[in-house]
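Colleague: The structure follows.
Read-outs throughout are calculated quantities, based only on the coordinates presented, and are distinct from any laboratory measurement. All values reported here derive from a predicted model rather than from experimental measurement. Please note: Cβ atoms are built from the backbone with ideal geometry, for glycine as well, and neighbour counts cover all protein chains shown.
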């Protein structure tokens, strides 16, 4: 056995048959189960009851509770709230909206301004170079 080996070969687990994707998926499943357990503990804490969930439940121990379908009254309330939110968003957008022609003309003016500004700086630099370094 080489002197740099930390463990005998018999103690090593052979993971050559397990793909990396399978390992990642199993790790993600364990993380999701841990997150669900945390959510259960937080919900129980906010509800004022004792925590029933274990620190790290197995995926088979977690149960999925069915969600009741929305009632027509709650669906109408949600659509009314969504319509109000959309109207408010549209009002905010209208406050800052500008027509395309004014944006285009201001961009064109800005481009010309930068071009002539750079040209003026170049001319100023060449003039300064001409007067500061007389002919040789």
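Colleague: For residue 76 and residue 113 in the same chain, what is the full-extension length gain: residue separation times 0.36 nm, less their Cα-Cα distance, in nm?
Modeller: 7.9 nm
Colleague: For a Förster distance of 41 Å, can you work out the FRET efficiency between the beta-carbons of residue 20 and residue 84, rounded to the nearest 0.05? Don't skip to the answer; put the middle values down first.
Modeller: Working: r = 49 Å, r/R0 = 1.18.
Step by step, r from the Cβ atoms, then E = 0.25.
Colleague: Using a 10 Å cut-off on Cβ atoms, rank the peptides 94-106, 19-31 from the highest mean neighbour count down.
Modeller: Listed from highest to lowest mean packing, they are 19-31, 94-106.
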